[in-house]
Each structure stands twice: as C-alpha cells, then as structure tokens.
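What follows is a single structure, written as structure tokens, with notes after it.
The values are calculated or read from the model by the stated rules, or taken from the named source; none is laboratory data. No experiment lies behind these values; they were computed from the predicted model shown. Positions of Cβ are generated from backbone atoms using ideal geometry, with glycine treated the same way; all protein chains shown enter the neighbour counts. What goes into the accessible areas is simple: the full protein's heavy atoms, side chains included, and nothing from ligands, DNA or RNA. Shrake-Rupley method; radii C 1.70, N 1.55, O 1.52, S 1.80 Å.
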Amino acid sequence: MREPSWRREGTDPDYRFTLANERTFLAWIRTALALLAGGVLLDQFAIGLEPRIVVLILAIVLAVSAAVLSIGAYTRWRANEVAMRHGGALPFSWVLPLLSAVGLIAAAGLAVLFVVTA
C-alpha cells in the first residue's frame, strides 16, 4: 500500500501523540463494533419486543450508525494527524454529537418498546 501524500507534509509529531491518536481511533472502532453487535442482537434475539418493524428499524439505525462511525473514526484520525504534522489545533469532530444522538434515539426507542411490550 502506498503512503498517502499528507504523511510527507509538515514534520513528524512526537510518536506518543501519534500512538495516542491511534488508540483513540481504535476506541471509536470498538464503539462502532458494539453498535453493530447491538443491532444484530436486536434483530436476532429480541423476539419478545413488539412491534417488530420498530425493532428492525432500530437495528438498522444501529448498523448504519456503526458504518458511519467507522468512516468518522478514520476521518477524525487523519485530520488529527494532519493537524499535528502542521502544528495546528485539532479540528472539531461531528462524531461526538452524532454518537450522542444515536445513543439517545436507541435508548428512547428501547424504553418505549419495553413499556409497550410489558
């Protein structure tokens, strides 16, 4: 795999910052995998929750959120690397508000399903 052109720009940051950025990236990927696992869990094992279409929609929202979060994790990692190479401020990330909104929607949707099914 060829080296991206942005890796030749600026100066190499302290390796500790690069490794910390990688750990953050991996944490976002673990979160995306957890969202995906939650979607699979809802679809395959939450057979007692009704209406089924709402459960399916919630599972799809979680799966799509996992895909979007994976893309966001990479773009955030790359933007942080570029900023560190140029000695600039770390950029704002839309990933945090999006993840919070998905968590709120999933929790509220599940709470409603639990009340309706009970």
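Miscellaneous remarks
- Hits in the range 3-30 (condition: closer than 27 Å to residue 60 by Cβ and either open to solvent by less than 50 Å² (accessible area, probe 1.4 Å) or modelled with pLDDT under 95 (or both)): 27, 28, 29
- Residues in the range 43-71 that are polar (S, T, N, Q) and surrounded by fewer than 16 Cβ atoms within 10 Å (Cβ to Cβ): 44 only.
- Test: residue in the range 79-99 that is open to solvent by 50 Å² or more (accessible area, probe 1.4 Å), assigned to a helix (DSSP H, G or I) and not aliphatic (A, V, I, L, M): yes
- Of all the numbered requirements in (1) over 10 Å from the mean Cα position of the chain (by Cα); (2) over 30 Å from residue 116 (Cα atoms); (3) free of Cβ contacts under 8 Å to residues at least 40 places away in the same chain; (4) open to solvent by 90 Å² or more (accessible area, probe 1.4 Å), residue 75 misses one, and that requirement is (4).
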